[in-house]
Amino acid sequence: MTEKRKTTTSTAVKNRYNKKTYDVLSVRIKKETLQAFKEKCLQEGIPQARIIKKAIEDFLNS
């Protein structure tokens, strides 16, 4: 059985695609608000990014 070779090509390609396609949004919020947000997301089993993306989509579509 041949062991699959690990390369960084795949990661480099993904990084180039992400840099070209996406941008980063950074916000500052109070630590206790962020902690409560993280805990609620964990309890609900919902990724944090999904909540933020949905809020932006809802705002743009209103």
I need the full set of residues from the stretch 12-62 which are touching a residue at least 12 places away in the same chain (Cβ under 8 Å) and open to solvent by 100 Å² or more (accessible area, probe 1.4 Å), in order please. Leu25
All but one of (1) out of contact with any helix residue (DSSP H, G or I) (no Cβ under 8 Å at 6 or more places or on another chain); (2) at pLDDT 95 or above hold for Lys38; state the number of the condition that does not hold. (1)
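The values are calculated or read from the model by the stated rules, or taken from the named source; none is laboratory data. All of these numbers come straight from a predicted model, not from anything done at the bench. Cβ atoms come from the backbone with ideal geometry, glycine included; neighbour counts cover every protein chain shown. These accessible areas exclude ligands, DNA and RNA; they are computed on the full protein's heavy atoms, side chains included. Shrake-Rupley method; radii C 1.70, N 1.55, O 1.52, S 1.80 Å.
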